[in-house]
Protein chains: 2
Amino acid sequence: MHETAAILLTLFVIFVAAQIGAEIAQRLKLPGVVGEIVAGCVIGPSALGWLSAEQIVAGTPLDVLAEIGVVLLLFSVGLETRLEDLKKVGRSAFLVGVLGVAVPFVMGSLWAHGNGFAWSKSLFIAAAFVATSAGITARVLQELGALQRIESRVILGAAVIDDILAMLLLGVVTSLQMGGGVSVGSLLLVLAQALGFVVIIGMVGTRVMRLRARWLDSPINPLSPLTIALAICLGLAFLSTEFGLAAIIGAFLAGMIASETHQREQLEHQTQPLLAFLTPFFFVLTGAKIDLSVFTSKSALIMLAVVTVIAVISKFIGGFLGALSLGRNSATIVGVGMIPRGEVGVVIASLGLASGVFSNQTYAVIVAMSLLTSIITPPVLAALLKRHAS
Amino acid sequence: MHETAAILLTLFVIFVAAQIGAEIAQRLKLPGVVGEIVAGCVIGPSALGWLSAEQIVAGTPLDVLAEIGVVLLLFSVGLETRLEDLKKVGRSAFLVGVLGVAVPFVMGSLWAHGNGFAWSKSLFIAAAFVATSAGITARVLQELGALQRIESRVILGAAVIDDILAMLLLGVVTSLQMGGGVSVGSLLLVLAQALGFVVIIGMVGTRVMRLRARWLDSPINPLSPLTIALAICLGLAFLSTEFGLAAIIGAFLAGMIASETHQREQLEHQTQPLLAFLTPFFFVLTGAKIDLSVFTSKSALIMLAVVTVIAVISKFIGGFLGALSLGRNSATIVGVGMIPRGEVGVVIASLGLASGVFSNQTYAVIVAMSLLTSIITPPVLAALLKRHAS
């Protein structure tokens with residue numbers, strides 16, 4: 001009974017803090033998601049402490065709720081994305097994905113090596129600079145009703161490619177760091193698996209759905225289109241982790257598949273209450289994980305500033321160059337949209353800390369950088385989207 | 001990453017098992033909830049073992065999801081319940097609540113004492129016979145669209161009274177068991193607090209909502225009626241645990257308050273996807289908690305049969321007598337609707353096990369009885385509601 005009371009109070013506090021944060025942000029003409037992240041920062045362990053550090057680590061109930069929230073978010077983003085539309089921007093998305101990984105990786109390695117790290121360690125650190133987190137950008141695009149814009153499609157397509165490359169890169173640097181060589185064969189196998197997963201689900205899944213959408217209506221449960229779609233979402237989110245990709249990639253593909261059905265609008269409509277209830281947990285926890293105490297040491301502060309600038313500029317350049325064929329304005333939007341880092345950077349940093357490659361300070365800085373990029377991006381992206389209305 | 005994959009797989013398995021179970025049950029003309037509970041039994045630790053015992057204990061992510069699911073379920077039941085309607089059946093509901101506690105408590109104590117337990121232990125065991133779990137019955141009533149029937153209102157009103165009395169009883173037996181006396185003054189205080197909570201929230205809350213429903217629309221978030229209602233739901237669910245009541249009582253009151261607003265239909269509509277996604281976790285976990293291995297010992301099996309028969313008959317008699325003023329058919333429905341035990345019985349049994357009052361076998365039998373009543377009731381209740389259509 002006592003545990004139930006404690007968790008209900010925590011859920012209440014997180015949910016209300018998110019609503020208040022979003023409301024204030026929106027009154028200040030900022031995206032609501034900024035307010036939710038800041039709210040998390042405020043109630044998190046390094047400020048008010050209403051959430052303890054133990055409550056928000058991986059595997060806790062709150063963390064699982066947050067994970068479900070971001071999975072559902074990307075599912076709903078997928079629902080608003082047609083495979084046909086993604087194919088049309090395939091070339092740009094591919095370029096943005098590749099350059100958006102290459103530029104930060106090169107700049108990150110050079111910076112780390114310039115700061116005295118051995119090459120194998122430098123490459124590991126640089127890997128933590130690479131992966132874009134689609135969640136933050138997707139939420140801003142959705143809030144502004146901008147998911148149908150060409151830039152949004154490029155960003156979402158690039159996020160899938162970005163994730164595949166980041167996973168490969170992690171495999172390479174881990175093996176280099178452990179003193180092992182890199183087998184081109186095994187890397188190609190990993191690449192083929194991940195690409196195969198995305199392509200098969202994307203192509204075959206959409207085709208099956210187009211032909212067999214009535215299956216969604218066949219169970220007795222009147223909400224069956226939704227429940228079947230949610231089951232597919234959970235299933236593909238799991239499967240994509242088995243192929244080394246982020247869970248949200250599978251959820252996005254599930255949404256994209258479901259968007260081929262005639263029940264699409266109904267599904268979009270029904271997903272809204274789920275997002276309203278569950279995504280705040282993701283964004284509040286994102287904010288709560290920012291360790292504000294890093295900002296009290298001057299050397300860490302300088303390092304954080306440098307790392308964040310490199311992370312922002314390098315990702316922007318990669319995205320901008322990749323999308324240049326869309327024109328400078330659109331390329332700017334794409335470049336900014338790719339900036340947020342997130343879970344994947346944090347995961348790599350955790351691996352680095354556990355294997356002794358990263359000091360505590362390096363770890364804290366990488367995590368803070370990942371989260372800073374998530375706070376910086378939404379207002380800039382929103383302003384750009386409004387200025388260059390399509 | 002690995003933990004994320006594991007939890008996503010578990011969520012997928014639970015969710016799909018629930019859908020399959022519900023579908024099969026409904027094709028067999030049984031309520032879907034029976035299928036979800038049986039599905040939990042099948043994938044649970046004592047059968048297939050796809051869910052381990054450690055994954056479903058209190059405080060785990062799955063348990064928290066289940067708790068959120070049942071809280072939202074009772075919130076949505078509250079949304080379909082008007083205070084005015086409850087007041088009309090106040091006298092019957094009160095009688096059903098009081099007799100539905102008194103009869104099982106007396107019969108339970110007599111049985112336990114007759115089996116050689118001392119009086120203080122017997123009263124403790126009997127306390128585990130008492131509390132009705134509104135979740136199961138509410139789900140069946142909702143599935144059959146029967147929440148507007150007079151019997152449903154009596155059952156829901158009685159469930160609130162039942163919960164208050166069960167809480168008082170638990171206080172008494174715990175203190176007797178610990179060798180302490182029972183202070184009438186402190187009991188009256190506990191009673192006054194619980195009643196005060198329910199009455200103030202019920203009366204003042206509904207009045208405020210009737211007058212100030214436009215507050216729900218004032219935030220910028222277009223889903224704000226829902227988000228504010230959900231915040232109130234989580235808040236009252238927590239508060240009711242602070243007053244010693246079950247979380248679902250607070251959630252029910254929150255729904256009842258929100259049903260006074262003009263956004264009521266919109267809220268009912270938006271709550272459906274949340275229920276579709278989250279309540280299966282509650283019912284599957286309910287099933288998964290049934291320890292089937294108890295059924296291999298003959299003495300335990302006999303004890304279980306006797307205890308279940310006493311629990312079913314005593315609760316039925318109490319509910320039936322209390323509701324007799326509605327006529328025999330309605331009284332039968334009310335009596336059956338009150339039969340399911342659930343969390344509260346399990347909680348009392350856990351306290352008994354921890355304090356050494358219950359042996360392992362007694363504990364397992366009480367838990368199995370609580371859950372058996374949850375499986376037996378839905379088909380009987382559904383058949384009765386269909387035969388005596390109002």
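The values are calculated or read from the model by the stated rules, or taken from the named source; none is laboratory data. If you're wondering where the values come from, they're calculated on a predicted model, not measured in any experiment. Backbone-built Cβ (ideal geometry, glycine too); neighbour counts: all protein chains shown. Accessible surface areas use protein heavy atoms only, side chains included; no ligands, DNA or RNA. Shrake-Rupley method; radii C 1.70, N 1.55, O 1.52, S 1.80 Å.
Descriptive notes on the structure:
- For A:GLU67: the one exception among (1) away from chain B (no Cβ under 14 Å); (2) assigned to a helix (DSSP H, G or I); (3) closer than 25 Å to A:ALA237 by Cα: (1)
- The single residue among A:LEU74, A:LEU8 that is open to solvent by less than 10 Å² (accessible area, probe 1.4 Å), touching an Asp or Glu at 6+ places or on another chain (Cβ under 9 Å), in a helix (DSSP H, G or I) and of a type outside the set (Gly, Ala, Ser) turns out to be A:LEU8.
- Filter result for the condition that a residue is under 24 Å from A:ILE313 (Cα atoms) and either aliphatic (A, V, I, L, M) or in contact (Cβ under 8 Å) with a residue 12 or more places away in the chain (or both), over A:PHE105, A:PHE75, A:PHE117: A:PHE105
- So A:ALA22, is it of a type in the set (A, V, I, L, M, F, W, C), crowded, with 24+ Cβ neighbours inside 10 Å and within 7 Å of another protein chain (Cβ to nearest Cβ): yes
- Check on A:THR206, polar (S, T, N, Q), within 14 Å of chain B (Cβ to nearest Cβ) and either part of a helix (DSSP H, G or I) or touching a residue at least 24 places away in the same chain (Cβ under 8 Å) (or both): no
- Comparison of A:SER259, A:SER183 shows that the only residue that is among the polar types (S, T, N, Q) and over 30 Å from B:SER224 (Cβ atoms) is A:SER183.
One line per residue, one yes/no per condition, for (1) more than 18 Å from A:SER133 (Cβ to Cβ); (2) touching a Phe, Trp or Tyr at 6+ places or on another chain (Cβ under 8 Å):
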position: A:VAL307; (1), (2): no, yes
position: A:GLY319; (1), (2): no, no
position: A:ALA354; (1), (2): yes, no
position: A:VAL380; (1), (2): no, no
position: A:ALA383; (1), (2): yes, no
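- Members of region B:301-318 that are open to solvent by 20 Å² or more (accessible area, probe 1.4 Å) and under 13 Å from B:ILE339 (Cα atoms): B:VAL309, B:ILE310, B:VAL312, B:ILE313, B:PHE316, B:ILE317
- Inside region B:324-360, residues that are in contact with a strand residue (DSSP E or B) (Cβ under 9 Å, 6 or more places away or on another chain) and under 14 Å from B:LEU381 (Cβ atoms) make up a count of 4.
- Test: residue in region A:77-84 that is facing another protein chain (nearest Cβ under 10 Å), crowded, with 24+ Cβ neighbours inside 10 Å and assigned to a helix (DSSP H, G or I): no
- A:PHE295, sole failed condition from (1) within 11 Å of chain B (Cβ to nearest Cβ); (2) surrounded by fewer than 24 Cβ atoms within 10 Å (Cβ to Cβ): (1)
- The residues in region A:322-366 that are in contact with a helix residue (DSSP H, G or I) (Cβ under 7 Å, 6 or more places away or on another chain), buried (at least 19 other Cβ atoms within 10 Å of the Cβ) and within 30 Å of A:ARG153 (Cα to Cα) can be counted, and the count is 21.
- The residue that is nearest to B:PRO104 (Cα to Cα), among those in region B:131-153 that are in a helix (DSSP H, G or I) and open to solvent by 50 Å² or more (accessible area, probe 1.4 Å), is B:ILE150.
- Across region B:233-289, the qualifying residues are those that are charged (D, E, K, R) and in contact (Cβ under 8 Å) with a residue 12 or more places away in the chain, and the one among them that is surrounded by the most Cβ atoms within 10 Å (Cβ to Cβ) is B:LYS289.
- Within region B:217-232, tally of residues that are open to solvent by 40 Å² or more (accessible area, probe 1.4 Å) and either more than 29 Å from the chain's Cα centre (by Cα) or facing another protein chain (nearest Cβ under 9 Å) (or both): 6
- Any hit, region B:43-64, residues being more than 14 Å from chain A (Cβ to nearest Cβ) and modelled with pLDDT of 95 or more: yes
- Selection from region A:40-58 of residues that are of a type in the set (Gly, Ala, Ser), farther than 13 Å from A:VAL13 by Cα and without any contact (Cβ under 8 Å) to a residue 12 or more places away in the chain: A:ALA53, A:ALA58
- Single condition B:LEU72 does not satisfy, out of (1) at the interface with chain A (Cβ under 10 Å from one of its Cβ atoms); (2) in contact with a Pro (Cβ under 7 Å, 6 or more places away or on another chain): (2)
- When B:PHE94 is tested against (1) at pLDDT below 95; (2) open to solvent by less than 40 Å² (accessible area, probe 1.4 Å), only condition (2) is not met.
- Of the criteria (1) open to solvent by 50 Å² or more (accessible area, probe 1.4 Å); (2) within 14 Å of another protein chain (Cβ to nearest Cβ), which one A:ARG214 fails: (2)
- Of all the residues in region B:369-384, those that are crowded, with 23+ Cβ neighbours inside 10 Å and not hydroxyl-bearing (Ser, Thr, Tyr) number 4.
- Of all residues in region A:26-42, exactly one satisfies the criterion of being within 9 Å of chain B (Cβ to nearest Cβ) and among the small types (Gly, Ala, Ser), namely A:GLY32.
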